[in-house]
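> After the structure tokens below, expect a handful of questions from me.
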Amino acid sequence: SELKGIMQQILAGTQHMHAKWFLHRDLKTSNILVHRSGRIALADFGLARRFQDPPRALTQLVVTLWYRAPELLFGEACYGPAIDMWSIGCIFGELITKDAILPGQGELDQIDQIFSLVGVPNESNWPSFDKLPNAGLFRWKPRKEQDLLLRKKFPIASPVSANQAFLDGNGFDLLSKLLTLDPAKRLSASQALE
């Protein structure tokens, strides 16, 4: 219940921020303050910027590497709220495992870890991937569904003890939709709250 409360507050704060046309651009666990009463606050708005629809070109080198959305790693300059939502997916996973879920040692390693977790882009899971500036620089081997780490790292389970974090089917659905490769298919903060 504590984890659900924290996630609901993170999503509500992000929804409010996006409704006011601002991107945080550096959401990570160290930028979330938790009071002993259970209330949370989003912090460190040093990289925050206004955005517009349709998106205009913004700085690409934003978001701490472990929480950086794949479209940014492939050179996308016209981005929107989906980059914050990827970061929230990483935060959600970290709150469950109590460890960073994508601790890349550089951009290439980060991309490899993302693809190991959720799969390699293809025509069905990210149709516009080939249009990204750096999409053609490297090739990754497709991975079979059973080899992806998301289900292995976050199995759907029941609680073993009262203090253990776990995911039920709805929790896994939320996590997988926040960690969707295609930013156009990634959940918005409003959708995630629902």
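> Among what's in the stretch 47-59 and is in contact (Cβ under 8 Å) with a residue 24 or more places away in the chain and not in a loop (DSSP other than H, G, I, E, B), pick the residue that is most open to solvent (accessible area, probe 1.4 Å).
Here the answer is R50.
> Starting from the stretch 15-37, take each residue that is aromatic (F, W, Y) and modelled with pLDDT of 95 or more and list its partners that are open to solvent by less than 80 Å² (accessible area, probe 1.4 Å) and assigned to a loop (DSSP other than H, G, I, E, B), counting only C-beta distances under 9 angstrom and pairs at least six apart or across chains.
What qualifies is W21/F51; F22/A48; F22/F51.
> Further question: Open to solvent by 60 Å² or more (accessible area, probe 1.4 Å), acidic (D, E), outside any helix (DSSP H, G or I) and farther than 29 Å from N122 by Cβ: does that describe D44?
yes
> Would you check if A43 is touching a helix residue (DSSP H, G or I) at 6+ places or on another chain (Cβ under 8 Å), within 22 Å of F154 (Cβ to Cβ) and small (G, A, S)?
Working: touching a helix residue (DSSP H, G or I) at 6+ places or on another chain (Cβ under 8 Å): yes; within 22 Å of F154 (Cβ to Cβ): no; small (G, A, S): yes.
No.
> Pull up the stretch 75-98, narrow it to residues that are closer than 26 Å to S190 by Cα and not in a helix (DSSP H, G or I), then point me to the one that is nearest to the chain's Cα centre (by Cα).
Among those residues, the one meeting the criterion is P81.
> Determine whether L61 is more than 19 Å from L187 (Cα to Cα) and under 11 Å from the mean Cα position of the chain (by Cα). Full working, then the answer.
Details: more than 19 Å from L187 (Cα to Cα): yes; under 11 Å from the mean Cα position of the chain (by Cα): no.
Here the answer is no, as L61 does not meet what is asked.
> Got a number for residues in the stretch 60-78 being more than 20 Å from G119 (Cα to Cα) and surrounded by 23 or more Cβ atoms within 10 Å (Cβ to Cβ)? Talk me through it step by step, then tell me what you get.
Applying the first criterion (more than 20 Å from G119 (Cα to Cα)) to the stretch 60-78 yields 60-64, 77-78.
Subset that is surrounded by 23 or more Cβ atoms within 10 Å (Cβ to Cβ): 63.
Number satisfying all stated conditions: 1.
> Spot the failing condition for R39; the list is (1) surrounded by 11 or more Cβ atoms within 10 Å (Cβ to Cβ); (2) closer than 28 Å to G104 by Cα, and only one is missed.
Only one criterion is unmet by R39, namely (2).
> Of all residues in the stretch 121-132, which are assigned to a loop (DSSP other than H, G, I, E, B) and either farther than 18 Å from E76 by Cβ or open to solvent by 100 Å² or more (accessible area, probe 1.4 Å) (or both)? Give the derivation first.
Step one: list which residues in the stretch 121-132 are assigned to a loop (DSSP other than H, G, I, E, B), which gives 121-128, 132.
Hits for the stretch 121-132 are E123, S124.
The values are calculated or read from the model by the stated rules, or taken from the named source; none is laboratory data. These figures come from a predicted structure and were not determined experimentally. With ideal geometry, Cβ positions are generated from the backbone for all residues, glycine too; neighbour counts draw on all protein chains shown. Just the protein is used for accessible areas: all its heavy atoms, side chains included, with ligands, DNA and RNA removed. Shrake-Rupley method; radii C 1.70, N 1.55, O 1.52, S 1.80 Å.
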